[in-house]
Amino acid sequence: MRLTRGIVSSIFYEALFKVPTLRNVALTGPYMHDGSMRSLHDVVDHYNIGGKNHPNKSNLVQPLNLTNQEKDQQFITEEKFKDR
């Protein structure tokens, strides 16, 4: 959810978004604020390379450098991440 549309005109605030919960994340695609990623694997790949360049991208966003084995772990689809 975009937080700043029509409220603040500063470029600093242009790309702020509320971070949603991860509950049931495997059931709630597409992903990202604009729906540009179809699967959780796409999201993991995106962050594994450090995301895309953007004027408002934080320097704290760095590549995860996960191995293929780490990327293939099914932690998101485990039952403990779903409503019971």
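Each Lys or Arg adds one and each Asp or Glu subtracts one; over the other residues with Cβ under 12 Å from the Cβ of Leu27, this totals +1. Cα centroid separation, region 24-42 to region 53-70: 17 Å.
FYI, it's all coordinate maths here, none of it is from the lab. Note that the coordinates shown come from a computational prediction; the quantities given were computed from them, not determined experimentally. Here Cβ is always computed from backbone atoms with ideal geometry, including for glycine, and neighbour counts include all displayed protein chains.
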